[in-house]
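Here is the structure we will look at, set down as structure tokens.
FYI, it's all coordinate maths here, none of it is from the lab. Everything quoted here is computed from the prediction, not taken from an experiment. Neighbour counts are summed over all protein chains in view; Cβ atoms, including those assigned to glycine, are modelled from backbone coordinates with ideal geometry.
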Amino acid sequence: MKKRVIIWFRRDLRLADNPALHAAIDAGFDSIVPVFIHAPDELGDWAPGGAQRVWQHLSLAALDTDLQALGSRLVIRQGPTIAALDALIEESGACAVYWNRLYDPSTIARDKQVKRHLEEANIQAASFNAALLHEPWTVSTRQNTPYKVFTPFWKAIRDDPVRNPLPAPEALPAVWSRIGSEALSDLGLLPDIRWDTGIRQAWRPGENGAHARLETFVNDTLGGYGESRERPAQPGTSYLSPHLHFGEIAPRQIVHRLEEWLHDHGNESHRKHANIFLSEIGWREFAHHVLFHFPNTPDEPLDPRFKHFPWTHDDEALQAWQAGRTGVPMVDAGMRELWATGIMHNRLRMTVASFLTKNLRIGWQHGERWFWDTLVDADLANNTLGWQWAAGCGADAAPFFRIFNPARQGERFDADGAYVRRWVPELSGLPDKHIHRPWAAPQKVLDDAGVTLGQTYPNPIVDLKASRQAALDAFDRIKNT
């Protein structure tokens, strides 16, 4: 009797180091049906945002191409998930469903329902870890409590051995022609008004694109990562975050490739830079650890004092921030890069988040939502941790009094103004000395650069010094509650 299995793809859109797929092959199933089920309603308030949907469309297309090269194909269905799986089981005669685990609160709840339903129907249900080095429930403090501080968390896991990545299959059995599939275009992932040109030009979604990006990073950037990652005008970071979010590459594969690189090129300096980058992988692990143990944090501050923080409600200021029209060049450059490419340099993420939550004193949830819809790498765990860190109310959060001065950030990390000139071209004629503080430039300098504040470029919507003090005063009102 032939055995058939359904491989339920979600955010594990790759063939190499895919534990669910590898387990199905090892189990000797005669037929493997790869399926993606589009069911955004089951994800609650955190269904993929606009930029993520563009990436998802392109990544699913790439996965289907890769499957077809091995003799298979991707079957696409629309939810509800349980109904879609039931239909596929009936059509294919599958006796098992395998998938790789996710850790967002809504997906955990949904996956438990799916597993219970399958087992009640006598269908084997098996799930695997494909996304993390350590799953959230496997790491705890000596008091058997979750970690809330990154450094001891990372110290607890950083030296643990990482198994070698699993190979991609060399071939897969064909999927019966009678098993129908919806067209990818039917999912409506792409926008009707094509604002996604910049994303398409900047990125190559898919497993092959992920590994090409990793090779570029390892060969061209990793050796100076500790310094280059701070310069937003340079390609000094890995740009792997969206590939990791959609599971086009696994953290084990990245760690393994870094170990190879260190073996071939390793010296003390290279090891230092590699360890700094590995700590970023550790932050991703920490973010999932925190979200798993504190599932309300996408909406509520981990520090309960901040439930009483006197946030302001200023729609005009929020819209100026979203549009990159605040009159503060470093903030505006970051927000415009985000809109154009679906990504933002981490130095800018911290800068624009501090500006929103502290200088404008607008609640971090507004920034979290905007990033969710505009970032191609918007990950619920990372996005939540990052925004609560910036606002001072989350796990291992920056002290509230750490308020980034965006002009000073520009002077330190974009000293020649290259980043601002790229994304805020109306200021490109200003000399380096004044490009990060145009409001302080002499009138003749502004005139010579063709800059008219309030016309060609906005005046600052807030005074940096006064708003900093107002934020500190607001915190004083809650810090002892």
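Summary table
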quantity	calculated
FRET efficiency estimate (nearest 0.05) - Cβ-Cβ, residue 263 to residue 30, R0 45 angstrom	0.65
Linear extension gain, residue 315 paired with residue 61, 0.36 nm per residue minus alpha-carbon span	87.6 nm
Cut-off 14 Å between beta-carbons: net charge of the residues surrounding residue 430, Lys and Arg +1, Asp and Glu -1	-3
Peptides 38-46, 116-124 ordered by average Cβ neighbours within 10 Å, highest first	38-46, 116-124
22 Å Cα-Cα threshold exceeded, pairs from 148/479; 358/444; 112/148; 3/112	358/444; 112/148; 3/112
Percent of Cα-Cα distances greater than 20 Å, calculated over the range 174-270	54
0 to 90° range, to nearest 10: angle between helix 207-220 axis and the chain longest Cα axis	50
R0 of 56 Å, Cβ-Cβ distance residue 126-residue 456: FRET efficiency to nearest 0.05	0.40
Extension reserve of the residue 463-residue 448 stretch, reckoned as 0.36 nm per residue once the Cα distance is removed	2.9 nm
Dipole axis of the range 4-130 (+1 Lys, Arg; -1 Asp, Glu on Cβ), positive-most option in 58, 19, 70	58
Distribution of pairwise C-alpha distances over the chain, 20 Å bins, in %	22, 53, 23, 2, 0
Within the chain, helix-based [θ] at 222 nm, where runs of 4 or more DSSP H residues each add -39,500 (n - 2.57), nearest 500	-14000 deg cm²/dmol
Cα gyration tensor, the range 304-476 - rounded (a/c under 1.5), prolate or oblate	prolate
Charge dipole (the range 4-130, unit charges on Cβ, about Cα centre) - positive-most of 94, 5, 107	107
For the range 121-252: rounded, prolate or oblate by the Cα gyration tensor [a/c cutoff 1.5]	oblate
Distant-in-sequence amide H partners of residue 6 (H built 1.01 Å from N, under 5 Å)	33, 96, 97, 98
Euclidean distance of C-alpha centroids, the range 336-401 and the range 124-188, integer Å	25
Only Lys, Arg (+1) and Asp, Glu (-1) charged, at Cβ; the chain dipole about Cα centre in debye	920
Rounded Å value of the spacing that divides the Cα centres of the range 42-65 and the range 405-472	37
Sequence-separation-based contact order of the range 387-479, relative, with Cα cut under 8 Å and 6+ spacing, percent	19
Dipole magnitude (debye, nearest 20) for the range 304-476, charges at Cβ of Lys, Arg, Asp, Glu	380
Farthest toward positive dipole pole in the range 4-130 [+1 Lys/Arg, -1 Asp/Glu at C-beta], among 121, 37, 85	37
Full-extension gain in nm, residue 208 to residue 422, via 0.36 nm per residue minus C-alpha separation	74.1 nm
Nearest-0.05 FRET efficiency for residue 115 and residue 182, computed from C-beta distance (R0 25 Å)	0.55
Computed magnitude of the charge dipole of the range 4-130 (debye, nearest 20; Cβ of K, R +1, Cβ of D, E -1)	180
log10 of Debye I(q)/I(0), alpha-carbon scatterers only, for the range 222-375 at 0.17, 0.20 Å⁻¹	-1.13, -1.33
